[in-house]
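Step one of this worksheet: look at the structure below.
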Amino acid sequence: MIPLLRETASQTAGPYVHIGLAPKAAGFDIFENNFGHVLATPETQGERITIEGRVFDGSDTLVRDVLLEIWQANAVGRYAHAADRQPGKQVDPSFRGWGRACTDFETGVWSFETVKPGVVAGRGGVPMAPHVNLWIVARGINVGLNTRLYFDDEAQANAADPVLNLIEWEERRKTLIARREQRGGNAVYKFDIRLQGEGETVFFDV
Amino acid sequence: MTSLAMPILAPAAADGEYLMRDTTSHPPALAPGYKTSVLRSPRNALISIPQTLSEVTAPVFSADELGALDGDLIRNYAKTGMPIGERTIVHGFVRDQLGRPVKNALVEVWQANASGRYRHKKDQYLGALDPNFGGCGRVLTDEHGHYVFRTIKPGPYPWRNRINDWRPAHIHFGLSGNGWAQRLITQMYFEGDPLMATCPIIRTIPDEEQIRGLIAHLDMGATVPLDSRAFRFDIVLRGQRATWFENTLQGEAR
């Protein structure tokens, strides 16, 4: 058999992940350019939304030292990456679609300022409902957790989504649906993540 | 080191799916010897999904987003002089499982200082902060998948797990490659450190070969005489298939 190299083993990001990935959260200023939680610039096309939530452990305790990243398509459903060759969809030069946020050490709340993504073609061209990909790391998490956030005002698209439909337990699909709220003039989608126990969020092996 | 010797000739182009993650290469989510994992590990099985554009794409980073000193931890936080400790170069290649270089990968590192103390508002260890050491850096790999940064060798430190657990000297690595499915965080250790044998975090990895893969080796060929020692640490990210005979990811069903 032709040998493959083995993927380097994952290790926990640890309690001080902020030093490397978000030094301002660790309490110091070192980089001129910081990767942060604001994805949308004034030029970005699409509906401005806030995504926010908290993370809970298996004892229902707030986890306040998590780092999250999101990766999403732009408002027309196109990823800013060369492998996305969907016809007729343009990259938005003012939207990379990637962001990084930390839970607040006091309140445990994390948030992103972004735009609502469009529909992306799934395998075989079957459309996927608008969604945001999340990656979660922290002390006590040995391998980064992958999940997806879907939107509760896309019920029809969600019902037909090929990934949501792979989750055998319909009840568990609900853990991936963010709830829209109006705060002042802003649309806010609330999305709490439960690492373990009742209402445990669906995590994916991608 | 096995990865260095492997004679793999992979086709150069690939933008298809990533090879299935071999879970036996990684720690399980629940590893009770590392106590914090007990309440932070999902109890349900991960749900395996066929990859889509969402998993095979990823953010693309460019050199102009990084500062000139971002990869030099000796100088990037120096305020009144140079940081104290062993001047150390760390370098290596980032490749995928088929041996291809992963070009333009973002490599982010963070670590304690020579005293084993982190510049973090939550670190209360007695070890002294170094006013000239921040403890983080970031670089992009070149066209050969090579990365290099310069730092101070971190010290070991005690941590709350069992009564007397110590972390071996280590550097944390975050890697962002060509696809979201390749995202990885790991830790690099230094060859010969006796604390590795009892470290509960290393021991979350159930495979000795995989543990050896996290150990950097003294690389006399890359040292700078009268200046810095060097260590070599190679990293393997998930391999990517070519898309011969198929257009499944975004095309029409066959």
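The values are calculated or read from the model by the stated rules, or taken from the named source; none is laboratory data. Here the structure is a predicted model, which is why all the values come from computation and not from measurement. Virtual Cβ from ideal backbone geometry, glycine too; neighbours counted across all protein chains shown.
Out of the residues in segment B:67-107 that are under 15 Å from the mean Cα position of the chain (by Cα) and within 10 Å of chain A (Cβ to nearest Cβ), which is nearest to B:Arg117 (Cα to Cα)? If we take residues in segment B:67-107 being under 15 Å from the mean Cα position of the chain (by Cα) and within 10 Å of chain A (Cβ to nearest Cβ), then B:Leu106 is nearest to B:Arg117 (Cα to Cα).
Restricting attention to segment A:116-130, the residues being within 14 Å of the chain's Cα centre (by Cα) and at the interface with chain B (Cβ under 7 Å from one of its Cβ atoms) number 0. State whether one or more residues within segment A:133-154 are modelled with pLDDT under 95, more than 29 Å from B:His26 (Cα to Cα) and surrounded by fewer than 22 Cβ atoms within 10 Å (Cβ to Cβ). No.
Scanning segment A:74-95 for residues that are within 8 Å of another protein chain (Cβ to nearest Cβ) and either crowded, with 21+ Cβ neighbours inside 10 Å or of a type in the set (Gly, Ala, Ser) (or both) yields A:Tyr79, A:Ala80, A:His81, A:Ala82, A:Ala83, A:Asp84.
Each residue in segment A:138-173 was checked for being closer than 17 Å to A:Met128 by Cα, out of contact with any Asp or Glu (no Cβ under 9 Å at 6 or more places or on another chain) and among the aromatic types (Phe, Trp, Tyr), and 1 pass. Go through the residues of segment A:167-184 one by one and say whether even a single one is more than 30 Å from B:Gln240 (Cα to Cα), assigned to a strand (DSSP E or B) and aromatic (Phe, Trp, Tyr). No, segment A:167-184 contains no residue that is more than 30 Å from B:Gln240 (Cα to Cα), assigned to a strand (DSSP E or B) and aromatic (Phe, Trp, Tyr). Condition test on A:Thr103, is it within 13 Å of another protein chain (Cβ to nearest Cβ), over 20 Å from B:Gly177 (Cα atoms), polar (S, T, N, Q) and within 18 Å of the chain's Cα centre (by Cα)? Considered against the rule, which asks whether it is within 13 Å of another protein chain (Cβ to nearest Cβ), over 20 Å from B:Gly177 (Cα atoms), polar (S, T, N, Q) and within 18 Å of the chain's Cα centre (by Cα), A:Thr103 comes out as yes.
Within segment B:52-74, residues that are under 18 Å from A:Pro162 (Cα atoms) have Cβ atoms under 6 Å from residues that are assigned to a loop (DSSP other than H, G, I, E, B) and of a type in the set (D, E, K, R) in these pairs: B:Leu53/A:Asp84, counting only partners at least 6 apart in sequence or on another chain.
When restricted to residues that are farther than 25 Å from B:Gly85 by Cα, touching a residue at least 24 places away in the same chain (Cβ under 8 Å) and part of a helix (DSSP H, G or I), segment B:199-238 contains 5.
Evaluate segment B:5-21: report whether one residue or more is over 25 Å from B:His170 (Cβ atoms), at pLDDT 95 or above and not in a loop (DSSP other than H, G, I, E, B). There is at least one residue in segment B:5-21 that is over 25 Å from B:His170 (Cβ atoms), at pLDDT 95 or above and not in a loop (DSSP other than H, G, I, E, B). Quick one: B:Phe190 ticks every box in (1) away from chain A (no Cβ under 14 Å); (2) surrounded by fewer than 19 Cβ atoms within 10 Å (Cβ to Cβ); (3) not acidic (Asp, Glu) except a single one, so which number is it? Unmet for B:Phe190, out of (1) away from chain A (no Cβ under 14 Å); (2) surrounded by fewer than 19 Cβ atoms within 10 Å (Cβ to Cβ); (3) not acidic (Asp, Glu): (2). Here A:Asp60 meets the list (1) on the phi < 0 side of the Ramachandran plot; (2) facing chain B (nearest Cβ under 10 Å); (3) of a type in the set (Asp, Glu) almost entirely, failing just condition (1).
In segment A:29-43, is there at least one residue being more than 30 Å from A:Gln182 (Cα to Cα), outside any strand (DSSP E or B) and more than 7 Å from chain B (Cβ to nearest Cβ)? Yes. Consider B:Ile185 carefully, then state whether it is outside any helix (DSSP H, G or I) and within 12 Å of chain A (Cβ to nearest Cβ). In short, yes. Filter segment A:83-125 down to the residues that are at pLDDT 95 or above, aliphatic (A, V, I, L, M), closer than 19 Å to B:Ala58 by Cβ and assigned to a loop (DSSP other than H, G, I, E, B) and list them by number. Scanning segment A:83-125 gives a single hit, A:Val91. What are the residues in segment A:155-206 that are surrounded by 14 or more Cβ atoms within 10 Å (Cβ to Cβ), over 22 Å from B:Ser41 (Cα atoms) and basic (Lys, Arg), if any? Answer for segment A:155-206, where residues must be surrounded by 14 or more Cβ atoms within 10 Å (Cβ to Cβ), over 22 Å from B:Ser41 (Cα atoms) and basic (Lys, Arg): A:Arg180, A:Lys190.
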